[in-house]
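Notes follow the structure.
The values are calculated or read from the model by the stated rules, or taken from the named source; none is laboratory data. The structure displayed is predicted, hence computed values, not measured ones. Cβ sites come from the backbone with ideal geometry, for glycine too, and all protein chains shown count toward neighbours. Accessible surface is based on the protein model in full, side chains and every heavy atom, while ligands, DNA and RNA are left aside. Shrake-Rupley method; radii C 1.70, N 1.55, O 1.52, S 1.80 Å.
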Amino acid sequence: MTTIFEKIIAGEIPGDIVYRDELVTAFRDIQPLAPTHVLIVPNKPIPTVNDLTDADEALAGRMLHVAARIAAQEGIAEDGYRLIINCNRNGGQEVYHLHMHLLGGRRMGRMVMPPQ
Ligand code: AMP
């Protein structure tokens, strides 16, 4: 099933794209949780981090490297930021096209909520 992220990457629906190369695309989250909230996604549809293969190691590395470059562009590298990849139900994943959240521009607080 085609996800909304595939449609943004293909240009079928609008996205606030901040970076694109042959492996990844990055665009601003539509419901930002911080002054900077960018999603870094593979151009090809990989549903979750569980679905990465040996052949995707360069892609996985690129996602991390691009996140750091965007953080620098956004002026948040020195103060710091948080990178998050949610996986499946317990991870809170909502869109089944692998993506890394880049969050910054404010103090991010505790890493995870304590058990309710
Ligand atoms: P996750 O819970 O990790 O799957 O995160 C999915 C993220 O995608 C959420 O932060 C949403 O706000 C974001 N999102 C959903 N639809 C769009 C869209 N059309 N453009 C940008 N971000 C989106």
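Taking helices (runs of 4 or more DSSP H) as the structural unit, those lying wholly within segment 1-110 and holding at least 2 residues that are more than 16 Å from the ligand (Cβ to nearest atom) and under 13 Å from the mean Cα position of the chain (by Cα) correspond to 57-74.
Within segment 21-43, residues that are under 14 Å from ILE4 (Cα atoms) sit with their Cβ atoms under 6 Å from residues that are part of a loop (DSSP other than H, G, I, E, B) and within 7 Å of the ligand (Cβ to nearest atom), at 6+ positions apart or across chains, in these pairs: PHE27/GLY15; LEU39/ASP29; LEU39/HIS99; VAL41/HIS99. Only one of the listed residues (ILE70, ILE84, ILE76) is under 25 Å from ALA10 (Cβ atoms) and in contact (Cβ under 8 Å) with a residue 24 or more places away in the chain. That residue is ILE70. Selection within segment 92-109: residues that are without any contact (Cβ under 8 Å) to a residue 40 or more places away in the chain and within 14 Å of LEU33 (Cα to Cα). The member of this set that is least open to solvent (accessible area, probe 1.4 Å) is GLY109.
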